[in-house]
Amino acid sequence: MAKDLAINMIIREIFYFLSIFLFVFIGLEMVWPNIILAYFNLNYLFLLCFLSGLVSLIKK
Amino acid sequence: MIKSFWLKWSFLFKFRLFLGLILFIAVAFFLYLKIIPFGYITYSRDYTSKFNSGKGFIYGFTPAERVDLKSAEVPLMIGDPIYFSLFTPRTFDKAKMTIVYRDNLSLNKPLVEAGVLVDNTVWRYDLKPVDNKGLDYLMLTWHKIEENGRLFLQKNDNYSSLAEWEKDLASGELKDCAGGPGNCLAVYNYTPPYNYQMTNYRTAVPIAFDKPLRGAHQFYVYLKNEVLRLDMSFVDLNQGIKPAPIEIILSQNNKTITTRRLDDANLSPGSGLIEEKQILIEEKNLPAGVYKVEIKISDDVVIKKIISSVDRLAFINKVWPVSSNGELTLYTDADYLQVKALSPASLQDISFGGQEFNLNETYRQFDFKTSAIEKIKTIKLKKDDVILENNGVFAWAPSSLFNPSLPKVDRFFSVKTAAKYIVADYKKPSEEEGFKTATVEFDLKGAYREKGKYSFMISVPGLKIEDSAKDNLEIYEIKIELAGRTLWQKIWQ
């Protein structure tokens, strides 16, 4: 039970972290276009964020 | 201390701290790549690789119809020229471009050049040599000396060094060269310390050129203790929406003497309402010699009339006569002509050097080569609004025609010409199993940059989509090393 709670918490924290990561990168892109997109496709990050959110919801 | 920290804080706090640290490192990493504090970075694009994690810095080739992306695993350049943009997060001073390619070009297309856009008004690219098969061939058959990064080729072994040859050139007496250096010297990507002397000089007379010319033009004038007065009338067509400033640059040996600029308030963009403008250049006490006048205007502006105090006035490389309403006769010193018609009304038969050539398609560049042996060839146009280009000069009267520039080792150069000496700033590309690697350097200080992008061009003169030849240039990799000021230099200097 406690283990499940810990896993749920980690997944939720990863979702929060990826969401913040995504918003920070989008913000950086808005200020300095291409700063991230030239190196890294933000769609991958969005997909990870979406999946972690989905897993977090299912686990809940 | 560390142990007490780990025990004091909860697992959640420590986990959040860890993720926050990752975020901080990632942001710092991208900011580092944005600022490039050490002023040096390399961007590359491998066209054999299919995987791209981001948009990259070297964008795709344009226009799309000149690049074949389907026939091979790498882009094939099938038309000339092609362009690509380089995104940089900041400005740089120098660029070193390395291009890996395989050329499937026929012998009549011996040149490959690369350039960076330096002037967006007249779309001028600073072109540098990538490959010159003409020079590569002559390196094997003529006497070759490489000195101070320059290539010096001699038909006969008259000089033991380039410095010795330059000494004779300065005195105007080259060995084995009758008629002056202009008759036996050819150059490529190099301007030697050579002063043109007009052989059949006569006193200049004032003249009015009232044949309208559209877009940017350049011309030479030759002065000998004469006043230079150029009274130029322009018409802004206002067909485009962008402002159309007019800039005139008078220079000698690449040194600017004077400039005139007329800004455009752009009060009626795209309206089609014409505006007349005038610029006067008057220079007294100019030393004898050749002067270059560069008229930097967009295609939305027409040079209506030039009243000149000297009649020795020859247009360099290009003329675009418009609105003359009648037959036109021009003269050129080159034996080929590139012609492009922009409207069906301009299609016609052109007489060049006494031979008839058919201009039967719009927006296609035709290459007409005359077999006329006269030094000055006549061009007769029945209709105007055609762009005429070659590597020589154009004039409206034979007496105005003179060409102070030295012959160039370009795609029209023939070893049968009188050239006995060639000086070039050129390095042959290295070759391994058919793959060629060439490096060219650009000065980016004067390069045009818009929305964080520099524009580059790759040119293979004479490469056309329309012709039946299957010529192409396979581009495998482009690598651009950029160097600029460091962060500390930006802050403190």
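For B:K224, the aspartates and glutamates whose Cα falls under 13 Å of its own Cα, not counting residues fewer than eight places away in the same chain, are B:E283, B:D311. Estimated from the Cβ-Cβ distance and a Förster radius of 60 angstrom, the FRET efficiency linking A:Y16 and B:W488 is about 0.95.
With an 8 Å cut-off on Cα pairs and a minimum separation of 6 or more residues, tell me the relative contact order of chain B in percent. Answer for chain B is 29 percent.
Label reach from B:A72 (point 7 Å along Cα→C-beta): in region B:15-58, amide nitrogens under 14 Å belong to B:47-49. Taking a 30 Å limit on the Cα-Cα distance, which of the listed pairs B:K242/B:K375; B:K255/B:K427; B:K94/B:K375; B:K144/B:K416; B:K128/B:K383 fall beyond it? Check vs 30 Å cut-off fails for B:K242/B:K375; B:K94/B:K375; B:K128/B:K383. Using C-alpha pairs under 8 Å with a sequence gap of at least 6, the mean separation divided by the residue count of chain A gives a relative contact order of 50 percent.
A simple spin-label model places the labels of B:Y59 and B:L21 4.0 nm from each other, with each point 7 Å out along Cα-to-Cβ. Here the residues A:M9, B:M139, ranked from fewest to most Cβ neighbours within 10 Å of their Cβ, fall in the order A:M9, B:M139. When the square roots of the Cα gyration tensor eigenvalues are ordered a ≥ b ≥ c, the ratio a/c for region A:2-59 is 1.5 or more and a/b exceeds b/c, which makes its shape prolate.
Rounded, prolate or oblate: pick one for the protein assembly as shown, where a ≥ b ≥ c are the square roots of the eigenvalues of its C-alpha gyration tensor, a/c under 1.5 means rounded, and failing that, prolate if a/b is larger than b/c, else oblate. Prolate, because a/c is 1.5 or more and a/b exceeds b/c. Applying a 4.7 Å Cβ-Cβ cutoff to the protein assembly as shown, the cysteines left without a disulfide-compatible partner are A:C49. Counted residue by residue at 0.36 nm each, then reduced by the alpha carbon distance between them, the extension gain from B:R260 to B:N120 reaches 48.6 nm. By the rule of a C-alpha distance below 18 Å, with chain neighbours fewer than 8 residues away ignored, the aspartates and glutamates paired with B:K175 are B:D157, B:E164, B:E166. Here A:K59 is the anchor, and the aspartates and glutamates within straight C-alpha reach of less than 15 Å, apart from those fewer than 8 places off in the same chain, are A:D4, A:E13. Where Lys and Arg each count +1 and Asp and Glu each count -1, what net charge lies around B:M97 among other residues with Cβ under 10 Å from its Cβ? Taking every other residue near B:M97 into account, the sum is +1. Using the rule -39500 (n - 2.57) for each DSSP H run of four or more residues, divided by the residues of the protein assembly as shown, the 222 nm mean residue ellipticity is -6000 deg cm²/dmol. Classify region B:99-177 as rounded, prolate or oblate from the Cα gyration tensor: take a ≥ b ≥ c as the square roots of its eigenvalues, call it rounded if a/c is under 1.5, otherwise prolate when a/b beats b/c and oblate if not. Verdict is oblate for region B:99-177. Two tests apply to each whole DSSP H helix in chain B, Cα reach of 18 Å or more along its axis and mean Kyte-Doolittle hydropathy of at least 0.0, and the ones passing both are B:11-35.
Since every read-out is calculated from the coordinates, none of them should be taken as a lab result. Values in this document were obtained by computation on a predicted structure and should not be read as measured data. Cβ sites come from the backbone with ideal geometry, for glycine too, and all protein chains shown count toward neighbours.
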